[in-house]
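Note sheet for the following structure.
The values are calculated or read from the model by the stated rules, or taken from the named source; none is laboratory data. The shown structure was predicted, so the numbers you read here are calculated from the model rather than taken from an experiment. Neighbour counts run over all protein chains shown; Cβ positions are idealised from the backbone, glycine included. All accessible areas refer to the heavy atoms of the entire protein, side chains included, with ligands and DNA or RNA removed. Shrake-Rupley method; radii C 1.70, N 1.55, O 1.52, S 1.80 Å.
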Amino acid sequence: MTERWLTIVGIGEDGLDGLTDLTKSLIADAEVVFGGARHLALVRRLNLAEQRRWQSPIETSVEEVARLRGRKRVCVLASGDPFHFGIGATLARRIPAREMQVVTSPSSFSLAAARMGWALQDVTVLSLHGRPIELIRPHLHHGRKILALTSDEKGPGEIAALLSEAGFGASAFTVLEALGGPKERLKTVVASGFEMTGIDPLNIVGIDVVAGADARVLPMTPGVPDEWFDHDGQITKREIRALTLSALAPRRGELLWDIGAGSGSVGIEWMLADPSLSAIAIEVDGTRLKRIAGNAAALGVPGLVLKQGKAPQVLEKLPQPDAIFVGGGGTDDGVIDAAMEALKPGGRLVVNAVTLEMEALLALLHGQAGGSLTRIQIARAEALGSMSGWRPAMPITQWVWHK
């Protein structure tokens, strides 16, 4: 019974009315039907043989489904398109696609785009369901259109508040509720004037982004202004940070260790480069770790992992990195050696030195292990009496090594 024993059916808010007779028979003929309470209620007229509601965590039910392989005909009910932010992809990690029969309905994003009159391929689509709303932050650019699935009835108000606080309060903000069903409702307001109540828990927000004069629009290149980070002076400055990110050369899906993270600026900008990237900020000072967490949330990468401890000891049980930046503590015994050992083959190690002692160590490492050694000098024009002059920042020596 392993050939197509699992049927996954995407169902809309219109329930059985939106399904073909063939699809209804696939559900009715299943020996076990999995779904949420809402999905099961939508198909209750089919007199199902056995119903099983999704458990928490969802992985528990996924294991239940997998255990029925070859034993029973199983149907899984999902919302809309099961492979667009849905359960389909989760199941596909355990069950081969050749053993599935999948019936899709329009996704809630497709319905939302149609209601808004927006070309879906030009829209930024986000699922904030069960995820921090701060993930929307990097996408807030003037003129961008965003569709974001929320977790519940509180989500729209929380997102509207975030927009207002970040300087995007003039954005047109549409709440689209229970799309495709009899309770469907749309209402558009200005984000800063959001006062809606009684919102259906099943909702999407559509945002036509308007950036105010005070809006902090995150750049698409490295080099976020230093003043956007809360720090105590331990920060890799903007120009040096941009050069450091260039040397780290992030690639899709990679993990960075930011050792001696300070304000977390390098790890944060690493993650801003692409949603697939992850980073661990390693810092011995607990106060700085709290600042890093705040910076990460404010700049739209709340998933930055924080690790308190002193290198190299704290590095031992961390997942293997693709790239490592050493911004502090590089002269401590064993730190650079541990970093070089930990890297995956092809990984990149970038170390910045500002002290003579660290610079001497990098010169030694360059002579022994190769790589590239670069001297970086930045000067800024500042007032000099009634005129202006160049005020040099402390020079940085940067060692880049590829494993």
Between [x] 37, 25, 18; [y] 48, 29, 15; [z] 33, 27, 18, the structure-derived semi-axes √(5λ) of the Cα gyration tensor in Å is [y]
Taking 0.36 nm per residue of separation between residue 274 and residue 185 and subtracting their Cα-Cα distance, the length gained on full extension comes to 28.6 nm
If each K or R counts +1 and each D or E counts -1, the residues other than residue 141 whose Cβ falls under 14 Å of its Cβ total +2
Counting only protein heavy atoms with a 1.4 Å probe and every protein chain in place, the carbon and sulfur fraction of the accessible surface of region 99-237 in whole percent equals 50
Toy charge model, Lys and Arg Cβ at +1, Asp and Glu Cβ at -1: the chain dipole around Cα centroid in debye, rounded to 20, equals 840
If one compares the long axis through the Cα atoms of helix 238-248 with the longest principal axis of the Cα atoms of the chain, the angle in degrees, nearest 10, works out at 70
Between the alpha carbon centres of region 358-403 and region 73-123 the gap in Å comes to 51
Rounded to a whole %, the carbon-and-sulfur portion of the accessible area of region 269-403 at a 1.4 Å probe is 56
Computed over region 1-133, the relative contact order (Cα-Cα under 8 Å, seq sep at least six) in percent reads 35
Proximal lysine pairs in the chain, meaning Cα under 26 Å and 8 or more positions apart or interchain, come to 21
One finds the C-alpha centres of region 194-272 and region 283-305 to be spaced, in Å, by 11
Heavy-atom accessible area per residue of the chain, all protein chains kept, 1.4 Å probe, expressed in Å², is 49
quick note, the chain, DSSP beta bridge pairs, % antiparallel (nearest 5) is 50
Length-normalised contact order of the chain, Cα under 8 Å, at least 6 apart, in percent, tallies to 10
